[in-house]
1. Quick query: amide H of Arg46 versus all other amide H atoms, modeled in the peptide plane; which residues come in under 5 Å with a sequence gap of 5 or more or a different chain?
2. Looking at the chain, what % of its DSSP beta bridges pair antiparallel, to the nearest 5?
3. So how tilted is helix 128-149 from the main axis of the chain? Cα-based, degrees 0 to 90, rounded to 10.
4. Please give the helix 28-41 orientation as an angle from the longest Cα principal axis of the chain, in degrees from 0 to 90, rounded to the nearest 10.
5. How high is the relative contact order of region 152-241, in percent, counting Cα pairs under 8 Å that sit 6 or more residues apart?
6. Hey, can you rank 20-29, 70-79, 232-241 by average C-beta count inside 10 Å, highest first?
7. Roughly how large, in nm² to one decimal, is the mean projection of the convex hull of the alpha-carbon atoms in region 1-136?
8. Rolling a 1.4 Å sphere over the protein heavy atoms, what is the accessible area per residue of region 147-213, to the nearest Å²?
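The values are calculated or read from the model by the stated rules, or taken from the named source; none is laboratory data. Remember, predicted model here, so these are calculated numbers, not experimental data. Ideal geometry is used to build each Cβ from the backbone, glycine not excepted, and the neighbour counts take in all protein chains shown. For accessibility, only protein heavy atoms count, side chains too; no ligands or nucleic acids. Shrake-Rupley method; radii C 1.70, N 1.55, O 1.52, S 1.80 Å.
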Amino acid sequence: MRWRSFVAVGDSFTEGMDDAYPDGTYRGWADLVATRLAVEAGPDFRYANLAVRGRLFPQVVADQVPAALAMRPDLISFAAGGNDVLRRNFDPEALVGRFDDTVRQLRGDGADVLLFRFADVMARLPGQRMVAPRAQLLNRAVGETAERHGAILVDLYADDTYLNPMLWSTDRLHLSEAGHRRVAGQVLTALGVGCDEEWLLVPPHPEPTPWLAARAADLRWAGRHLAPWIKRRLTGRSSGDLVTAKRPQLGPISD
């Protein structure tokens with residue numbers, strides 16, 4: 001196998017929320033992929049995960065991309081922009097142009113680069129009319145950039161399985177353990193590396209919820225997840241303000 005080092009770059013999607021280890025940190029698809037690549041590559045394999053929840057695209061590019069390039073890995077995953085499309089001041093032209101420049105830079109030293117077209121999460125969230133077109137624009141730009149620069153594209157948006165709520169956590173925004181396993185399986189498939197078939201198994205859809213119970217669940221979700229998110233936006237804070245990268249340096253998986 002040609003990959004002996006892997007650096008993951010991005011936000012909460014790549015940090016691994018909400019797939020928790022027993023100690024409260026997060027595993028997620030990138031850790032699962034790294035573990036499988038280490039089996040293939042042997043004890044010399046190294047992995048770093050620079051992703052931090054809440055990071056906007058400019059922050060990922062300014063802080064994580066130079067650090068990833070300095071490590072000169074064989075494989076880099078880059079997933080950013082999802083938080084930006086939720087902001088009122090989202091500038092699509094600026095993000096699309098910078099996305100292309102960043103991927104060109106990541107590919108410049110010969111590293112293989114993984115890119116993602118994001119799964120559709122808006123079916124369960126408010127603001128669909130504003131956010132959905134932005135997400136579609138970002139996904140389109142990701143696909144075009146991958147083709148232009150020879151990056152490896154993992155197309156989660158084309159997989160209707162992600163409409164299954166069991167692949168999402170209770171906050172309706174982050175993947176569940178099953179969701180991260182599926183992403184890991186799709187990444188490994190895109191890399192031409194075998195994975196545990198169970199990672200691609202789809203949990204049964206939950207039984208339909210009666211209307212009144214569903215509205216009560218919506219209210220609980222709004223109080224627990226939406227209201228804190230709105231408060232952070234109003235106060236200029238982020239869920240990742242006090243969070244640092246869980247694996248800031250390349251190291252063996254056993255670390």
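1. So Arg46 has HN proximity to Ser5, Phe6.
2. Numbers: 4 of 20 bridges.
Given both bridge residues lie in the chain, the antiparallel proportion sits at roughly 20 percent.
3. Tilt relative to the chain: about 10 degrees.
4. Taking Cα atoms only, the helix is inclined about 20 degrees.
5. Once normalised by length, the contact order is 23 percent.
6. Highest to lowest by the protection proxy: 70-79, 20-29, 232-241.
7. 9.1 nm²
8. Roughly 56 Å² per residue, with all protein chains present.
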